[in-house]
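All remarks here apply to the structure that follows.
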Amino acid sequence: MNIKTTLKTTVAAAALFAVASPAVAADLTFSGQVNKAFAYIDNGGAARGQVVDNDISRSRLYAKYSGAVNEAVTVSGRFEMMIADNKLSSTGVVNSAATGEAGTDVDGGGDDTIALTEQWIAIEHKQLGKFQIGKLEEASDRAWNTGPNPAGNIVDAGSALLGSVDLHVSSATDNTFSGSTVGQFFQAFEGSGGANMVGYVTPSLGGAKLLVSYANDGDADIGLSYGGKFGGFAVDLYTGYKNSSASTTLDYTWGISGGVTHDSGFSVAGGYGTEDSKASGTNDADGYWVILGYEANLISAGATGIAFQYLKVDEVTGTTGDEGKAYSFGVQQGMGAGLSAYAGYTLIQVDRTSTNFDDVSLLMAGMRLNF
């Protein structure tokens, strides 16, 4: 056998195969995060400190794949599992369920949650846009919480962190509970946060994208996003509409949010949302929020972020005069190696005609590790 001839033939065949079957660029990533904090909650009738999983961004694991079919087409997919123990939104302020508190995990020893949060496939063409199928965010899902938030680990722009904490009537004795919870007075005016659906996203046109989706529950969503830079100002905007015609309680939900960040590090963000109830004589809920922030590299380890927030939501319960307000301040610090530390304070005030509820306070400090 002539070795030189064999080598020449092999090299030629390999070159021919390479031309006929171009290499596919692909990337598979396994990652996740752990987000734990110590939270001290006081509802005016009882108080308690405990270690919790931070609901702003819960502990989770995920795998993501991205591959190029050719120069114009890419495919991607994501599988994500939430793995959270003792979620802040499910905790209470006493140590015994016998007191009748509404919190589902008042003893802090359970509430283990393992849940599928994302599972989807997407095909994207540079000129034709992206098709998505599976469990993922609906087209209206960012309508309520888009915008800069330099302390996003501790200041929450969109929802009530203390949803299960029972409200205490000022005139009542300690360790007695009203049966009304913080979560009944707050909500986010956007999509469900994840649903089995089909969706489409247009290519970017001048920084704008149109999104549409249809979910298994019959909800049809549409969203419009925009991102751009004007001199020293970066702008981020999102608006979304959810048609809930299949629902027995709602006709639609609509929200808009966004913000501006200056190169100096200062930022302002805000949002507004509303919904239309199907029930005759029921008031339609609405709300808004504002965040003022600042971010700078004050130390070499990472960025320092500071944020102040005001949130107000009216008549989520459908009852005239019901109102929830939240005032938040938080600081977070990048520590390097995927670690960030944070601390902050939130004051929640709930108003109801003829009922005087005590304020609810949350003092929380924690760490988030991305890996």
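The values are calculated or read from the model by the stated rules, or taken from the named source; none is laboratory data. Worth saying up front: this structure is predicted, and the values here are computed from it rather than measured. Quick reminder, even Gly has a Cβ in these numbers, built from the backbone with ideal geometry, and neighbours come from all protein chains shown.
Please specify each residue of the range 94-108 satisfying the condition of being buried (at least 19 other Cβ atoms within 10 Å of the Cβ) and either modelled with pLDDT of 75 or more or among the aliphatic types (A, V, I, L, M) (or both). Of everything in the range 94-108, those that are buried (at least 19 other Cβ atoms within 10 Å of the Cβ) and either modelled with pLDDT of 75 or more or among the aliphatic types (A, V, I, L, M) (or both) turn out to be VAL94, ALA102, VAL106.
What about GLY44, is it in contact with a strand residue (DSSP E or B) (Cβ under 9 Å, 6 or more places away or on another chain), farther than 27 Å from GLY338 by Cα, of a type outside the set (Lys, Arg) and modelled with pLDDT of 50 or more? Spelling it out, GLY44 is indeed in contact with a strand residue (DSSP E or B) (Cβ under 9 Å, 6 or more places away or on another chain), farther than 27 Å from GLY338 by Cα, of a type outside the set (Lys, Arg) and modelled with pLDDT of 50 or more. For the range 296-318, taking the residues that are of a type in the set (A, V, I, L, M, F, W, C) and not in a strand (DSSP E or B), the one that is surrounded by the fewest Cβ atoms within 10 Å (Cβ to Cβ) is identified as ALA301. If you check ASP276, ASP284 for being more than 19 Å from PHE329 (Cα to Cα), part of a strand (DSSP E or B) and in contact (Cβ under 8 Å) with a residue 24 or more places away in the chain, only one passes: ASP276. So which residues in the range 351-366 are surrounded by fewer than 17 Cβ atoms within 10 Å (Cβ to Cβ) and within 21 Å of the chain's Cα centre (by Cα)? Of everything in the range 351-366, those that are surrounded by fewer than 17 Cβ atoms within 10 Å (Cβ to Cβ) and within 21 Å of the chain's Cα centre (by Cα) turn out to be LEU363, ALA365. The strands (runs of 3 or more DSSP E) found entirely in the range 182-251 that carry 1 or more residues being of a type in the set (Asp, Glu) and closer than 28 Å to ASP322 by Cβ are 220-230. None of SER140, SER170, SER192, SER159 is at negative phi, modelled with pLDDT of 80 or more and crowded, with 16+ Cβ neighbours inside 10 Å except SER140. Any chance the range 73-93 includes a residue that's crowded, with 16+ Cβ neighbours inside 10 Å, more than 30 Å from LEU347 (Cα to Cα) and more than 25 Å from the chain's Cα centre (by Cα)? Taking every residue of the range 73-93 in turn, at least one turns out to be crowded, with 16+ Cβ neighbours inside 10 Å, more than 30 Å from LEU347 (Cα to Cα) and more than 25 Å from the chain's Cα centre (by Cα). Scanning the range 53-70 for residues that are touching a Lys or Arg at 6+ places or on another chain (Cβ under 9 Å), surrounded by fewer than 18 Cβ atoms within 10 Å (Cβ to Cβ) and free of Cβ contacts under 8 Å to residues at least 40 places away in the same chain yields ALA63, LYS64, TYR65. In the range 35-51, the residue that is farthest from the chain's Cα centre (by Cα) out of those that are in a strand (DSSP E or B), crowded, with 19+ Cβ neighbours inside 10 Å and touching a residue at least 60 places away in the same chain (Cβ under 8 Å) is ILE41. Number of residues in the range 195-219 that are among the small types (Gly, Ala, Ser) and either touching a Pro at 6+ places or on another chain (Cβ under 7 Å) or surrounded by fewer than 17 Cβ atoms within 10 Å (Cβ to Cβ) (or both): the value is 5.
Conditions tested, residue by residue: (1) without any contact (Cβ under 8 Å) to a residue 60 or more places away in the chain; (2) over 30 Å from GLY227 (Cα atoms); (3) over 20 Å from the mean Cα position of the chain (by Cα).
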{"position": "TRP144", "(1), (2), (3)": "no, no, no"}
{"position": "PRO150", "(1), (2), (3)": "no, no, no"}
{"position": "ASP156", "(1), (2), (3)": "no, no, no"}
{"position": "GLY163", "(1), (2), (3)": "no, yes, no"}
{"position": "HIS168", "(1), (2), (3)": "no, yes, yes"}
{"position": "ASP174", "(1), (2), (3)": "no, yes, yes"}
{"position": "SER180", "(1), (2), (3)": "no, yes, yes"}
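Within this structure, GLY293 fails the test of being touching a helix residue (DSSP H, G or I) at 6+ places or on another chain (Cβ under 8 Å) and part of a strand (DSSP E or B). In this entry, ASP322 passes the filter for residues that are buried (at least 19 other Cβ atoms within 10 Å of the Cβ), more than 13 Å from ASN153 (Cβ to Cβ), at pLDDT below 95 and touching an Asp or Glu at 6+ places or on another chain (Cβ under 9 Å).
Please indicate, with yes or no, whether at least one residue in the range 332-350 is buried (at least 17 other Cβ atoms within 10 Å of the Cβ) and closer than 23 Å to ASP251 by Cβ. Checked the range 332-350: no residue is buried (at least 17 other Cβ atoms within 10 Å of the Cβ) and closer than 23 Å to ASP251 by Cβ.
Every condition in (1) out of contact with any Phe, Trp or Tyr (no Cβ under 6 Å at 6 or more places or on another chain); (2) modelled with pLDDT of 90 or more; (3) surrounded by 18 or more Cβ atoms within 10 Å (Cβ to Cβ) holds for ASP263 except the one numbered (3).
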